[in-house]
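A short write-up of the structure that comes next.
The values are calculated or read from the model by the stated rules, or taken from the named source; none is laboratory data. Note that this is a predicted model, so its numbers are computed, not measured. For neighbour counting, all protein chains shown are included, and Cβ atoms are generated from backbone atoms with ideal geometry for every residue, glycine included.
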Amino acid sequence: MATSASSKLNKAVKQQYMELPQGDKVQAMYIWIDGSGEGLRCKTKTLDSEPKTIEDLPEWNFDGSSTYQSEGSNSDMYLIPAAMFRDPFRKDPNKLVLCEVVKYNHKPDENNLRHTCKQIMSMVENSHPWFGMEQEYTILGTDGHPFGWPSNGFPGPQGPYYCGVGADKAYGRDVVEAHYRACLYAGVQICGTNAEVMPAQWEFQIGPCEGINMGDHLWVARFILHRVCEDFGVIVSFDPKPISGNWNGAGCHTNFSTKEMREDGGLKVIEEAIERLSKRHQYHIRAYDPKGGLDNARRLTGHHETSNIGEFSAGVANRGASIRIPRAVGQDKKGYFEDRRPSANCNPYIVTEAMVRTCILKEEGEQPTEYNK
Amino acid sequence: MASLSVSSGLNKAVRQQYMSLPQGGKCQVTYIWIDGTGEGLRNKTRTLDIEPTSIEDIPEWNFDGSSTYQSEGSNSDMYLIPVCMFRDPFTLDPNKLVFCEVLKYNRLPAETNHRAACNKVMEQVKEHCIWFGMEQEFTLLGMDGHPFAWPQNGYPGPQGPYYCGVGADNAYGRDIVECHYKACLYAGVKICGTNAEVMPSQWEFQVGPCEGIDMGDHLWVARFLLHRVCEDFGVVATLDPKPMKGNWNGAGCHTNVSTKQMREEEGLQYIEQAIEKLSKKHTEHIREYDPRGGEDNKRRLTGLHETSNIEDFSAGVANRGASIRIPRQVGQEKKGYFEDRRPAANCDPYSVTRAITNTCLLDEEE
């Protein structure tokens, strides 16, 4: 049975403890991104009263030499609270706190991409950039094989699973249901879910979020998913191509619009933005997975509803293109567009930052512009 | 599941029916004490007619020391002296947990009662307001003695992703940690945080800041709660400082210390003075930092796995390979506290805090 030993511990026993009153004390779980750029870490601190805003949360620190982030001889790194949510595991008044990581010299850590994203977003506030990201993922057993797949084998070919129902089509729906409810409780802006084309693969969507919120909400949604899967004893993978062969990969399609695009006649602005994106394909590809494009090379093949990584393309209702303009947008002549290139394990801060740089700040060339503060 | 206890498989719904029975005005008081090993905890319960409101309301008791490695059968009675009281998170209000000192038949402290000597020292230094925070590391084991959730007859992937990790492949046994945290908060134990540790199935909780004698009291009760929670889940917590040989971290009890002077402006000089004094008493402290005079810590303090070598004393800012680490922000703000990383996970916090207090605040008067 490919579920973890921990998940078989007695949950009725756990429930008795979790119901204990805690007086005025509040547990704040600090969450951060580690040195891999994909992994999440967390630890908890007791506070004497409920924090009402992010300003009520103290800065903290951690041992970066244990998270691939620093050397043992100079290991202290700082955690700077950035966004606060309700804790769906320990419940009110307890909190989840997403943090930025700062090095000993007070500079942002290498994998702290939020810092620059925030600067860029603050430059374009008047454009009200909205994002919606479609997070695909695969559920694995503790043996590393997709959950529900026969051991040492494969299910029937893709076809019946997308948005499917029934025990022979939907593998692990409990995880999705629990995650959805947990996100709603926490205050994460989850706007939908569906089963995906590969069995044991699912998707949730976060948005619409303006500016820096997109990255914050998506990272917390990912943390909640890891924690929900941990409770069930399974593992979530954001690898963009978990199974080679005739099986879909996992992406993070990013929907984008500005105030101008959403207004009448906005289609023209959308087309201009796509024109700019077409000239900066390599810069975006580098930003769209944590390995500068190497992860996506396994996924963006031109098959399985992806575009080929070597080429940029755009089209209305075209799921084989880099950019898809939804048919309704083509008809209403305003709305948003979908960039289908980001991989499931992308860092949403740099994805949204790249989008803003190219489409709103109208940058050109293969390097991002350095702006003076 | 082979590695969980049979007891934990008993029907908890049946248990709940009984535990929800009202108990009239009677109160159950569970007395807890340290046994002859200096590491083990024992407990027994008595009924009181009304709820005690303070420690003075709790009567002295006694027990059979010949069954706890503490006395001979021919002269076995030993005394339990209540010293601090907490709410009981297992049988709930109005019931209590009462931590006790053990006295021999002649009313002298038992061999493993290090609280008595610690209290004497803490009484002498009250004006310094010495604060402690202790970081208790521990490892979860199955009933087979193998770390909980590790593959049978095998090992998980190497250390790297587990520290503060999330996910079924990184965090083994989080339920225990969550429940222990809630139990401590309910009981009134000063738990201030938790995190997953570097080795899988290894965790840490922190107790503090506690002044003087409170540090030992709160840490020992926190340990009792941990053992009780693990018992309910059917697993075992070990405080052994090196449960797995090879490239696996050991378990310590890093002890953070500050006095009023160290916490005030320019306190760094007092921290440095204290470290200077500690540097001259390394061997004496090592003897106090585990229950076997340093023998346990020899397996852990190797100079690898974020430890200092047991032979050498060292100190440094943000240096996790040193005996004493000064946190970076303390170095920057020039006040605060320091961390002694030498105590083993199974240390007696009374011995540790007494040694540190004695060396840093009292030695010159000897």
(request) Give the stretch B:162-186 a look and list any residue that's touching a strand residue (DSSP E or B) at 6+ places or on another chain (Cβ under 8 Å), in a helix (DSSP H, G or I) and within 20 Å of A:VAL26 (Cβ to Cβ), or say none. (result) B:ARG174, B:VAL177, B:HIS180, B:TYR181, B:CYS184, B:LEU185, B:TYR186
(request) Run A:ASN308 past the list (1) without any contact (Cβ under 8 Å) to a residue 40 or more places away in the chain; (2) over 30 Å from A:LEU225 (Cα atoms) and report the number of the one that doesn't hold. (result) (2)
(request) Give the residue, chosen from B:ILE213, B:ILE176, that is at pLDDT 95 or above, of a type in the set (A, V, I, L, M) and over 15 Å from the mean Cα position of the chain (by Cα). (result) B:ILE176
(request) Give the residue, chosen from A:HIS106, A:HIS115, that is surrounded by fewer than 16 Cβ atoms within 10 Å (Cβ to Cβ) and either assigned by the TED database to the domain that holds A:GLU196 or out of contact with any Phe, Trp or Tyr (no Cβ under 6 Å at 6 or more places or on another chain) (or both). (result) A:HIS106
(message) Take B:TYR186 and tell me if it is among the hydroxyl-bearing types (Ser, Thr, Tyr), more than 22 Å from A:LYS91 (Cβ to Cβ) and surrounded by fewer than 24 Cβ atoms within 10 Å (Cβ to Cβ).
(response) no
(message) Suppose the filter is farther than 16 Å from B:CYS164 by Cβ, within 13 Å of chain B (Cβ to nearest Cβ) and not in a strand (DSSP E or B); does A:PRO58 pass it?
(response) yes
(request) Would you list the strands (runs of 3 or more DSSP E) that sit entirely within the stretch B:188-306 and hold 3 or more residues that are farther than 24 Å from B:HIS128 by Cβ? (result) B:191-196, B:202-211, B:236-238
(request) Give the residue that is surrounded by the fewest Cβ atoms within 10 Å (Cβ to Cβ), with candidates limited to residues of the stretch A:73-103 that are in contact with a Gly (Cβ under 9 Å, 6 or more places away or on another chain) and within 11 Å of another protein chain (Cβ to nearest Cβ). (result) A:SER73
(message) Can you tell me which residue is surrounded by the fewest Cβ atoms within 10 Å (Cβ to Cβ) among those in the stretch B:312-325 that are part of a loop (DSSP other than H, G, I, E, B) and within 9 Å of chain A (Cβ to nearest Cβ)?
(response) B:GLY321
(request) Working carefully through the options A:THR44, A:THR3, find the one that is outside the structural domain of A:HIS106 (by the TED database) and touching a helix residue (DSSP H, G or I) at 6+ places or on another chain (Cβ under 8 Å). (result) A:THR3
(request) Hey, could you check the stretch B:292-311 for residues that are under 13 Å from B:CYS347 (Cβ atoms) and small (Gly, Ala, Ser) and say which is surrounded by the fewest Cβ atoms within 10 Å (Cβ to Cβ)? (result) B:GLY293
(request) Hey, can you tell me all the residues within the stretch B:209-245 that are closer than 20 Å to B:TRP33 by Cβ, acidic (Asp, Glu) and crowded, with 21+ Cβ neighbours inside 10 Å? (result) B:ASP217
(request) Mind listing just one residue for me: the one in the stretch A:61-72 that is buried (at least 19 other Cβ atoms within 10 Å of the Cβ) and touching a Gly at 6+ places or on another chain (Cβ under 6 Å) and, of those, farthest from B:TYR162 (Cα to Cα)? (result) A:SER70
(message) Residue under question is A:ASP216, and the condition is that it be under 15 Å from A:CYS346 (Cα atoms) and either assigned to a loop (DSSP other than H, G, I, E, B) or of a type in the set (S, T, N, Q) (or both); does it hold?
(response) no
(message) Restricting to the stretch A:119-137, count the residues that are surrounded by 17 or more Cβ atoms within 10 Å (Cβ to Cβ) and part of a helix (DSSP H, G or I).
(response) 3
(message) Of all residues being under 27 Å from the mean Cα position of the chain (by Cα) and without any contact (Cβ under 8 Å) to a residue 12 or more places away in the chain in the stretch B:65-80, which is surrounded by the fewest Cβ atoms within 10 Å (Cβ to Cβ)? Just the residue, please.
(response) B:SER67
(request) Name the residue, out of B:THR194, B:THR139, that is more than 7 Å from every other protein chain (Cβ to nearest Cβ), more than 21 Å from A:LEU140 (Cβ to Cβ) and among the hydroxyl-bearing types (Ser, Thr, Tyr). (result) B:THR139
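Quick grid of which residues meet (1) more than 18 Å from the chain's Cα centre (by Cα); (2) part of a loop (DSSP other than H, G, I, E, B):
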| position | (1), (2) |
| --- | --- |
| A:LEU277 | yes, no |
| A:HIS284 | no, no |
| A:LYS291 | no, yes |
| A:HIS304 | yes, yes |
| A:PHE312 | yes, yes |
| A:LYS334 | yes, yes |
| A:GLU338 | no, no |
| A:THR358 | yes, no |
| A:GLU364 | yes, yes |
(message) For the stretch A:19-45, which positions are in contact (Cβ under 8 Å) with a residue 12 or more places away in the chain, of a type in the set (S, T, N, Q) and surrounded by fewer than 19 Cβ atoms within 10 Å (Cβ to Cβ)?
(response) A:SER36
(request) Check the stretch B:6-20 and report whether any residue there is away from chain A (no Cβ under 14 Å) and farther than 19 Å from B:HIS218 by Cα. (result) no
(request) Among the residues of the stretch A:345-369, count how many are under 25 Å from A:ASP34 (Cα atoms) and charged (D, E, K, R). (result) 1
(message) Please verify whether A:SER70 is touching a strand residue (DSSP E or B) at 6+ places or on another chain (Cβ under 7 Å), more than 19 Å from A:VAL351 (Cβ to Cβ), more than 13 Å from every other protein chain (Cβ to nearest Cβ) and polar (S, T, N, Q), treating the condition exactly as stated.
(response) no
(message) For the stretch B:319-346, give me each residue that is without any contact (Cβ under 8 Å) to a residue 12 or more places away in the chain and in contact with a strand residue (DSSP E or B) (Cβ under 8 Å, 6 or more places away or on another chain).
(response) B:ASN319, B:ARG328, B:GLN329
(message) Given (1) of a type in the set (Asp, Glu); (2) under 24 Å from the mean Cα position of the chain (by Cα); (3) within 18 Å of A:GLY132 (Cα to Cα), identify the lone condition not met by A:GLU260.
(response) (2)
(request) Quickly run through the stretch B:326-358 and pick out the residues that are within 19 Å of the chain's Cα centre (by Cα) and part of a helix (DSSP H, G or I). (result) B:PRO349, B:TYR350, B:SER351, B:VAL352, B:THR353, B:ARG354, B:ALA355, B:ILE356, B:THR357
(request) Please find, within the stretch A:33-55, the residue that is nearest to the other protein chains (Cβ to nearest Cβ) out of those that are of a type outside the set (Val, Ile, Thr) and more than 21 Å from the chain's Cα centre (by Cα). (result) A:LYS45
(request) All but one of (1) out of contact with any helix residue (DSSP H, G or I) (no Cβ under 6 Å at 6 or more places or on another chain); (2) closer than 30 Å to A:SER49 by Cα; (3) assigned to a loop (DSSP other than H, G, I, E, B) hold for A:TYR162, so report the exception by its number. (result) (2)
